[in-house]
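FYI, it's all coordinate maths here, none of it is from the lab. Model, not experiment: these values are computed from the prediction. Ideal geometry is used to build each Cβ from the backbone, glycine not excepted, and the neighbour counts take in all protein chains shown.
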There are 2 protein chains.
Amino acid sequence: MSAPMPKLYFEDFAAGQVRKFGPRPVTREEILTFAAEFDPQPMHLDDEAARNSMLGGLAASGWHSCCIAMRMMLDGFLLNSSSMGSGGIEEVKWLAPLRPGDALTLRATVVQTRPSRSKPQLGLVTILLELINQAGAPVTTLQAPLMLGTRAGAQP
Amino acid sequence: MSAPMPKLYFEDFAAGQVRKFGPRPVTREEILTFAAEFDPQPMHLDDEAARNSMLGGLAASGWHSCCIAMRMMLDGFLLNSSSMGSGGIEEVKWLAPLRPGDALTLRATVVQTRPSRSKPQLGLVTILLELINQAGAPVTTLQAPLMLGTRAGAQP
């Protein structure tokens, strides 16, 4: 049994750090289930309609890829951290189709860190998430500004 | 039986147009189901953890609110249009918690329209989506640049 990872605080993040997670296989079934609930455009649900679309074949909703990236970041390190959430997402780019059977790697790069001006127990960590398929092509990228508690602020 | 809405093309959008949809009730069960799959942070899954978080009580994943906004836009007008998809999202802001039992209105405002420089059969329509709760508070906003086919391009 390996020792548990120590919990991550704001102080543990520094610009330029890269963490990688995956591979995470994506099934046709989950693509269809997500699309039916949240993004029922024919190009996400129907093979023939998808072939005739800009996607050139069945592909996941872009929102689905964002949600997969979020889950991979959480499992990768964020659930084991002092994260307090986020006020939004800076930019989402859907760069290549996410196909059934793809296996996704998540690359999480720390873009910048900044202590809170008003709250010493808090810091901001901006993370660039890149979801990359098995061919090495970036599928989705997004930039998330996260609020993390400081180790100093967590002292009793 | 009312006549079906005519299909919307690029030419039917103009900056400043506002469309409203909803209300769309959100249940505790769907908040928990989404969070368990994509965003299992305690503040989205557990009442007590949520009370002690910045959210001050159980609230949906911000990604869930984006997905609900997407579905409302599709049902509202986008499925009945020449939309070809989108290359991403310009900015997502999570402004207020989305609580179990909230009823959401979607306000979709056309920010700008622009014909494609290279493809006469295509145009770009940037839409601001604002998801507003029953108290009138904006919960989530995002800006989506959509590609739409032109009516001229659809002529045989």
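Okay, here's what the table says:
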quantity	calculated
Segment A:29-68: number of residues that are free of Cβ contacts under 8 Å to residues at least 24 places away in the same chain and among the β-branched types (Val, Ile, Thr)	1
Scope segment B:32-44; condition acidic (Asp, Glu) and buried (at least 17 other Cβ atoms within 10 Å of the Cβ); matching residues	B:ASP39
One residue from B:LEU146, B:LEU104 being in contact with a helix residue (DSSP H, G or I) (Cβ under 8 Å, 6 or more places away or on another chain), farther than 22 Å from A:LEU55 by Cβ and crowded, with 19+ Cβ neighbours inside 10 Å	B:LEU104
Condition check for A:THR140: of a type in the set (Val, Ile, Thr) and surrounded by fewer than 21 Cβ atoms within 10 Å (Cβ to Cβ)	no
Positions within segment B:1-31 being surrounded by fewer than 16 Cβ atoms within 10 Å (Cβ to Cβ), of a type outside the set (S, T, N, Q) and closer than 30 Å to A:ARG24 by Cα, in sequence order	B:ARG28, B:GLU29, B:GLU30
Test: B:ALA49 is of a type in the set (Gly, Ala, Ser) and touching a Leu at 6+ places or on another chain (Cβ under 7 Å)	no
Pair list, Cβ under 8 Å, 6 or more apart: segment B:109-121 residue at negative phi, other residue β-branched (Val, Ile, Thr) and loosely packed, with under 15 Cβ neighbours inside 10 Å	B:THR109/B:VAL18; B:VAL110/B:VAL18
Subset of segment B:1-28 [farther than 30 Å from B:LEU124 by Cβ and free of Cβ contacts under 8 Å to residues at least 24 places away in the same chain]	B:MET1, B:SER2
Close pairs (9 angstrom Cβ cut-off, 6 or more residues apart or separate chains): farther than 18 Å from A:ALA59 by Cβ and more than 7 Å from every other protein chain (Cβ to nearest Cβ) in segment B:69-84, of a type in the set (Gly, Ala, Ser) and part of a helix (DSSP H, G or I) anywhere	B:SER82/B:GLY153; B:SER82/B:ALA154
